[in-house]
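The values are calculated or read from the model by the stated rules, or taken from the named source; none is laboratory data. Computed from a prediction, not measured in an experiment: that's the story for all the values here. Please note: Cβ atoms are built from the backbone with ideal geometry, for glycine as well, and neighbour counts cover all protein chains shown.
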Amino acid sequence: MSTNLVSSEVAILDLLRKNDWMSVSQMTAVIQVTGTAIRQRLSHLMKVGYVERCSHKSGRGRPSHRYSLTAKGRRKTGANFADLAVVLWSEIREIEDSEVRRGLLRRIAQRMVDIYSGQIEGETMVDKMNSLSRLFDDRNIPISIDATGEFPTLKVLACPYPDLVEQDRAVCVMERMMFGDLLGQNVRLDKCRLDEGSCCTFGLN
């Protein structure tokens, strides 16, 4: 299911990010579109898991609906921590002991695996790769799968960490570790965007 959002849906998410909950009438007053249009957008946002609805009864009238962000929605609308990530990565680069630095990379990759592993599904390797692709697509990181050859490949079409990679290729090492652990398979970096490739390609051994 596509999670691409139109501008009015982004506006709704931003409103809910700033409020614990809102009704359709409250959103209509702020965004200045019809209630029908708001409900259509909310329907899609609930379908993709960004918004949830609950009924609220006040007095003798019919219960009204309140809308709020889900945990997934809060992640979607979270602040951009790119600057913080660059600073933290710079500190990692300052570690002179290569073994200590590699051990830290391994722990970072494992923490990422701990976050994502419960969302990887499938019995076969291709199923798991497709599940991984959907997981990252939900984070606006498109990954294409090629399982036609002897060894399947993952093509990361948009770098998840562009500012970091420009400084240090170790980010690619961390990503390779993470993919390998998520898929339960040895993964190698076949092509890198930094080597004038159009994208990063990871191959499974």
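Here are the numbers:
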read-out: Evaluation of Ser90 against (1) surrounded by 14 or more Cβ atoms within 10 Å (Cβ to Cβ); (2) polar (S, T, N, Q); (3) under 30 Å from Asp168 (Cα atoms) (one fails), failing number; value: (1)
read-out: Failed item in (1) loosely packed, with under 14 Cβ neighbours inside 10 Å; (2) at pLDDT 85 or above; (3) not in a helix (DSSP H, G or I), with Gln185 passing the rest; value: (1)
read-out: Per-region count, the range 164-174, residues surrounded by 15 or more Cβ atoms within 10 Å (Cβ to Cβ) and free of Cβ contacts under 8 Å to residues at least 40 places away in the same chain; value: 2
read-out: Near pairs, Cβ below 8 angstrom, 6+ apart or cross-chain, from the range 30-42 (polar (S, T, N, Q)) to any residue that is assigned to a helix (DSSP H, G or I) and surrounded by 14 or more Cβ atoms within 10 Å (Cβ to Cβ); value: Thr34/Thr28
read-out: Ser58 vs. criteria assigned to a loop (DSSP other than H, G, I, E, B), at pLDDT below 90, hydroxyl-bearing (Ser, Thr, Tyr) and farther than 30 Å from Gly184 by Cβ; value: yes
read-out: Residues satisfying the stated conditions in the range 166-192, i.e. over 15 Å from Ser144 (Cα atoms) and not hydrophobic (A, V, I, L, M, F, W, C); value: Glu166, Gln167, Asp168, Arg169, Glu175, Arg176, Gly180, Asp181, Gly184, Gln185, Asn186, Arg188
read-out: Residue among Arg66, Arg75, Arg134, Arg60 that is loosely packed, with under 12 Cβ neighbours inside 10 Å, free of Cβ contacts under 8 Å to residues at least 60 places away in the same chain and of a type in the set (Lys, Arg); value: Arg60
read-out: Restricting the range 167-182 to residues that are out of contact with any Leu (no Cβ under 8 Å at 6 or more places or on another chain) and either part of a loop (DSSP other than H, G, I, E, B) or hydroxyl-bearing (Ser, Thr, Tyr) (or both), the residue that is modelled with the lowest pLDDT; value: Gln167
read-out: Only one of Cys159, Cys200 that is within 17 Å of Trp89 (Cα to Cα), touching a residue at least 12 places away in the same chain (Cβ under 8 Å) and buried (at least 16 other Cβ atoms within 10 Å of the Cβ); value: Cys159
